[in-house]
Amino acid sequence: MNDISNSGGVAARKGFVFQDHVAARYVLNMLEDRRIEQVECETSDDITLRWLINGKRFVEYVQVKSNDVDRWNWALLTKRDIAKSPTSIVEKSLLCDRGPEPGHFRIVTRNGVHSGLAALTVPLAKRGPTDLDDLSARLTKKYPTISARGSNLDYWARHAFWEALSTEDDIRAKNVWIVATLCDGDGCSLRSEQIVTLYRDILELVERAAAADRRVPADKILTRETMRLWWSDRLRSLVATRPGLGLPYRIAMPQFLVKIHEFTDPAKPRATTGYDAEYERKQWRSAQLAGHLVRWVPELVLKASEIAQTNHLTLADKTGQGLRKLRELRHHGVERLLAETLLHSILRSFFDSEPIACKLFYRTSAASGVVNNAHIVQHHEGDQIWLGRTHVFRGDDFDALIASACAELEDALATPLLRAEREIILELRQPEHLRRDDVEEALADSAPIDRFLRILRFAILVIYDSAVLGAGHSDDYRARLVSELTGYGNAYHSRLPASVEEVQVHLLLVPVESLDTLVRDFEAAACLT
């Protein structure tokens with residue numbers, strides 16, 4: 001007698017596989033949709049999604065049912081495992097609603113539903129006000145169940161969505177397609193086997209989170225910020241094996257500077273970061289820093305379309321072209337060229353930015369503003385445009401520098417200048433050579449300048465002669481340098497005028513042992529003499 005079946009362990013394992021693919025799909029959605037803040041595996045429910053939409057947070061509890069049912073119906077939704085206990089699918093889903101944020105609910109199955117549950121398959125935003133009245137009345141009449149937040153089954157019906165996703169093979173194929181689409185949007189032309197590998201890596205993260213101990217909640221959570229960083233790192237490693245493909249800014253050079261100080265104001269949009277070039281055999285690395293900056297020159301002076309045509313055969317030509325263009329602009333002053341290159345390198349290396357062509361090197365039909373470096377920085381809360389301003393500071397009158405820098409920043413916020421900046425960015429930006437971003441709406445000519453301001457962050461670079469570094473190497477120089485950076489950062493932010501209170505300002509401090517020496521080293525490395 002043949003009594004072999006897939007019940008028990010085999011069926012359970014198939015269910016877990018289906019659930020893992022569903023969770024992976026939400027992780028992929030989260031990479032693209034910043035409204036999803038995090039995906040949780042096996043916490044409050046099978047999968048839990050935390051959303052932030054228009055400033056309002058809510059939690060979506062997802063139950064995944066892999067049962068081989070032709071059509072889900074009323075009886076299956078409301079059948080209790082224990083007659084006098086709230087153990088039906090609908091009640092278990094409702095009872096997840098016990099946190100501080102409002103709850104939404106989702107049932108994910110392989111197959112669809114009978115007509116009695118069809119209203120649940122319509123997305124919440126597309127439902128009419130009375131579409132769920134009949135189902136709600138039946139549910140509340142059948143069970144008086146109340147969640148810990150005080151919600152009943154009427155609330156559940158009006159905040160629940162039923163989603164049919166077919167088999168794990170189908171959802172896997174769709175997920176792989178999403179991975180390919182995301183890669184394409186980020187400028188990465190990967191081989192099909194690399195795309196499959198990338199999806200397997202995501203699936204492994206999901207499986208690990210699902211299997212993690214509930215007593216360590218952080219191990220069961222995949223946040224958007226963490227996953228975006230993970231995604232960027234994985235793409236870099238994959239595209240590095242396929243040089244010449246993708247977008248020109250997909251890979252940044254290794255970091256030369258070291259971040260030694262960081263401060264973010266919890267109450268205001270203010271931040272300070274301090275960097276150090278460090279010592280080598282007790283000699284401050286001036287010549288090495290200059291040489292590193294020269295390697296960034298092609299990116300600084302060439303447009304994205306020009307860099308995109310570069311491969312290992314034309315790299316030397318492009319580098320030479322960049323240095324020639326830099327020499328043509330020598331009349332701007334070597335100090336200024338050094339500072340602009342340094343700012344570019346920091347934004348690229350530490351903030352994974354994508355530059356818009358530097359205005360020092362390209363004439364535009366728009367009037368010139370007070371900034372030259374403009375970069376797009378992808379952020380988990382919304383993509384930003386960083387406008388850069390550089391200051392080279394000698395001497396000990398830091399108050400004078402602060403006063404000058406604050407005045408320039410205040411001038412930059414004048415509405416006519418902001419409009420000019422937006423026009424220049426539109427003129428120089430080459431979106432076909434950049435990763436996907438969501439700054440388009442704010443850059444539109446018809447958009448109010450307030451919308452442009454909301455995505456702006458001013459990056460203020462100050463490169464200065466450091467008293468600590470000028471005194472030479474000592475074992476405790478790092479601690480004293482951090483103290484110096486902290487003092488300068490606090491002094492700058494405390495002097496910012498009230499007119500820029502709501503504007504995001506990020507101060508970037510780079511202390512050097514001797515500006516004169518660094519300028520000479522940069523001049524020599526770039527053949528500007």
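Okay, here's what the table says:
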| read-out | value |
| --- | --- |
| Residue pairs meeting the criteria (Cβ under 8 Å; at least 6 apart or on separate chains; first farther than 13 Å from ILE356 by Cβ, in segment 373-390; second outside any loop (DSSP other than H, G, I, E, B) and of a type in the set (Gly, Ala, Ser)) | ARG389/ALA405; ARG389/ALA412; ARG389/ALA459; THR390/ALA339 |
| Boolean, SER499 is without any contact (Cβ under 8 Å) to a residue 60 or more places away in the chain, in the same structural domain as LEU401 (by TED's automatic domain parsing) and not in a strand (DSSP E or B) | no |
| Yes/no for ARG336 being closer than 17 Å to LEU257 by Cβ and either at pLDDT 80 or above or touching a strand residue (DSSP E or B) at 6+ places or on another chain (Cβ under 6 Å) (or both) | no |
| Qualifying positions in segment 395-412 - in contact with a Leu (Cβ under 8 Å, 6 or more places away or on another chain) and surrounded by 13 or more Cβ atoms within 10 Å (Cβ to Cβ) | CYS406, LEU409, ALA412 |
| Criterion (buried (at least 17 other Cβ atoms within 10 Å of the Cβ) and either within 27 Å of the chain's Cα centre (by Cα) or aromatic (Phe, Trp, Tyr) (or both)) met by exactly one of LEU528, LEU496, LEU508 | LEU508 |
| Count of segment 51-104 residues which are out of contact with any Ser or Thr (no Cβ under 9 Å at 6 or more places or on another chain) and of a type in the set (Ser, Thr, Tyr) | 3 |
| Residue within segment 453-476 that is surrounded by fewer than 21 Cβ atoms within 10 Å (Cβ to Cβ), part of a helix (DSSP H, G or I), in contact with a helix residue (DSSP H, G or I) (Cβ under 9 Å, 6 or more places away or on another chain) and polar (S, T, N, Q) present | no |
| Members of segment 183-220 found to be within 11 Å of VAL27 (Cβ to Cβ) and hydrophobic (A, V, I, L, M, F, W, C), listed by number | ILE202, LEU203, LEU205, VAL206, ALA209 |
| Subset tally (residues that are closer than 30 Å to PHE58 by Cβ and of a type outside the set (D, E, K, R)) for segment 177-197 | 6 |
| In segment 252-275, residue modelled with the lowest pLDDT [restricted to those that are surrounded by 14 or more Cβ atoms within 10 Å (Cβ to Cβ) and in a loop (DSSP other than H, G, I, E, B)] | ALA252 |
| Any chance LEU481 is within 24 Å of SER345 (Cα to Cα), buried (at least 22 other Cβ atoms within 10 Å of the Cβ) and touching a residue at least 40 places away in the same chain (Cβ under 8 Å) | no |
| Number of positions in segment 188-211 that are buried (at least 20 other Cβ atoms within 10 Å of the Cβ) and closer than 15 Å to THR48 by Cα | 2 |
| Considering residues of segment 212-224 that are in contact (Cβ under 8 Å) with a residue 12 or more places away in the chain and surrounded by fewer than 14 Cβ atoms within 10 Å (Cβ to Cβ) only, the residue farthest from GLU32 (Cα to Cα) | ARG214 |
| Qualifying residues in segment 77-93 (those that are surrounded by fewer than 13 Cβ atoms within 10 Å (Cβ to Cβ) and either in contact with a strand residue (DSSP E or B) (Cβ under 6 Å, 6 or more places away or on another chain) or of a type in the set (A, V, I, L, M) (or both)) - the one farthest from ILE47 (Cα to Cα) | ALA83 |
| Subset of segment 80-125 (residues that are basic (Lys, Arg) and either closer than 25 Å to ALA148 by Cα or modelled with pLDDT of 95 or more (or both)) | ARG80, LYS84, LYS92, ARG98, ARG106 |
| Count of segment 45-70 residues which are out of contact with any Cys (no Cβ under 6 Å at 6 or more places or on another chain) and either aromatic (Phe, Trp, Tyr) or farther than 22 Å from LEU124 by Cβ (or both) | 7 |
| LEU443 being surrounded by 13 or more Cβ atoms within 10 Å (Cβ to Cβ), in contact with a Leu (Cβ under 8 Å, 6 or more places away or on another chain), closer than 24 Å to ARG336 by Cβ and assigned by TED's automatic domain parsing to the domain that holds ALA414 | no |
| Within segment 99-187, helices (runs of 4 or more DSSP H) holding 1 or more residues that are small (Gly, Ala, Ser) and surrounded by fewer than 20 Cβ atoms within 10 Å (Cβ to Cβ) | 133-142, 168-185 |
| Residue check for LEU222: modelled with pLDDT of 90 or more, touching a Leu at 6+ places or on another chain (Cβ under 8 Å) and not in a helix (DSSP H, G or I) | yes |
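The values are calculated or read from the model by the stated rules, or taken from the named source; none is laboratory data. Computed from a prediction, not measured in an experiment: that's the story for all the values here. Positions of Cβ are backbone-derived with ideal geometry, glycine not excepted, and every protein chain shown enters the neighbour counts.
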